[in-house]
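Just below is one structure, and these are the notes that go with it.
Readers should treat all values here as calculations from the given coordinates under stated rules, not as data from a laboratory. None of the values given here were measured: they were computed from a predicted structure. FYI the Cβ positions are ideal-geometry reconstructions off the backbone, even for glycines, and counts take in every protein chain you see.
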Amino acid sequence: MKIIHSPRHLGHSGHVELMNGRVVPAFEKPERVAMILNAIGERPFGTLIEPAAHGLDPLMKVHDEDYVRFLGEAWKLWTADGRDFPALPSFWRAPGMRTDIVPKTIDGKLGHYSFDAGCCMVAGTWDAVQAAADIALTGVDLVAGGEKSAFSLCRPPGHHAHAGTMGGYCFINNAAVAAQSFRDRGAARVAILDVDYHHGNGTQAIFYDRPDVLVCNIHADPLQEFPYFLGFADETGAGAGEGFNANYPLPWGTDYTGWSAALDAACARIEAFGADVVVVSLGVDTYKEDPISQFLLDSPDYLKIGARIAALARPTLFVMEGGYAVEAIGVNVANTLEGFLQR
Ligand SMILES: NCCCNCCCCCS
Ligand SMILES: [Zn+2]
């Protein structure tokens, strides 16, 4: 299995987030990548490659052009006011406020293009974001080119990013960009299986009215957990996409027994869909020691998750999403990939 990664993720460092009412160092930290690479390096299956450049066009297949342009200029606008510290949004719309205008100032634009204060930007963020999308697209090149699987070690993650909105540490939706690229490369039906602890609200929203991309999410119940305002079981798609979105919300304290029942249901849905290719949004914040999450999966469980995904017997691209227990993130990611390859 080829592992695609880039040191350019390191440009997204020194950022912060608003957690429990305080500005704290971001949980989505650079060390996550090194821990994953170290763990994979100890296994007999990973070949590391760097991404090829794909430009912005593939991003704009799923994201709004003005949003992508904003991501590229945000740091310049922020520092133009003399601010040399991380950029965070502070102001958002309430229902009933205008949505047909884009503010002229960076503080207004940050609020227009975000849904939370989890999307902190620094000087190197945009370069890291572009590299992460290239990592996902290089994974598509490999799998669409005939490889059975690949692992796109994306950082920052992407599954919370909507077409025109960043949030939850996510700027460009790497998995959505990959799914669209598979469609453009001839796959008629693409399934996205999001196993991150948090609902992939952005991925759901991007494909919500489309029958060609099935989105399945297994995640913490939004009544209890971020992203709070999307991810309920009654969200099954809209228009032509009705029936092509499936959410499996689970309560805090869910262990592998409960979690794997949802995985079996999601895999059955993917099999019934007849997916030509599967994109896995691989978050391992389902782990029992994750600092911001409340599920109880343990490291051996990720071997079983990988094996269950392999049983789909479809070309598969793993795209890295969340996982914040840095000391265990490597083992849990490597176990998922090993379980997949061992089957
Ligand atoms: N207590 C809720 C804090 C959530 N903060 C954002 C989490 C983003 C996860 C990305 S996978
Ligand atoms: Zn997550």
Checklist outcome for this item: In segment 130-187, anything surrounded by fewer than 24 Cβ atoms within 10 Å (Cβ to Cβ), in a loop (DSSP other than H, G, I, E, B) and among the polar types (S, T, N, Q) is listed as Thr165
Checklist entry - Quick one: how many residues across segment 56-95 are over 30 Å from Val140 (Cα atoms) and either among the charged types (D, E, K, R) or in a loop (DSSP other than H, G, I, E, B) (or both)? => result 15
Checklist outcome for this item: Going through segment 1-29 in order, the residues found to be assigned to a loop (DSSP other than H, G, I, E, B) and surrounded by 19 or more Cβ atoms within 10 Å (Cβ to Cβ) are Met1, His5, Ser6, His12, His15, Ala26, Phe27, Glu28
Next on the checklist: Residues that are closer than 16 Å to His198 by Cα and touching a residue at least 12 places away in the same chain (Cβ under 8 Å): does segment 296-307 have at least one?
Outcome noted: yes
Checklist entry - Tell me, which residue of segment 31-52 that is out of contact with any Gly (no Cβ under 9 Å at 6 or more places or on another chain) and of a type outside the set (Gly, Ala, Ser) is farthest from Gly139 (Cα to Cα)? => result Glu31
Next on the checklist: Among the residues of segment 137-186, what is the count of those that are hydrophobic (A, V, I, L, M, F, W, C), closer than 27 Å to Phe45 by Cβ and within 14 Å of ligand 2 (Cβ to nearest atom)?
Outcome noted: 2
Checklist entry - Filtering segment 293-331 down to residues that are among the small types (Gly, Ala, Ser) and within 16 Å of ligand 2 (Cβ to nearest atom), which residue is farthest from Lys29 (Cα to Cα)? => result Ser293
Checklist entry - Hey, Ala334 hits all of (1) buried (at least 17 other Cβ atoms within 10 Å of the Cβ); (2) among the aliphatic types (A, V, I, L, M); (3) more than 16 Å from ligand 2 (Cβ to nearest atom); (4) not in a helix (DSSP H, G or I) but one; which does it fall short on? => result (4)
Checklist entry - Quick one: how many residues across segment 188-227 are surrounded by 24 or more Cβ atoms within 10 Å (Cβ to Cβ), within 16 Å of ligand 1 (Cβ to nearest atom) and free of Cβ contacts under 8 Å to residues at least 60 places away in the same chain? => result 8
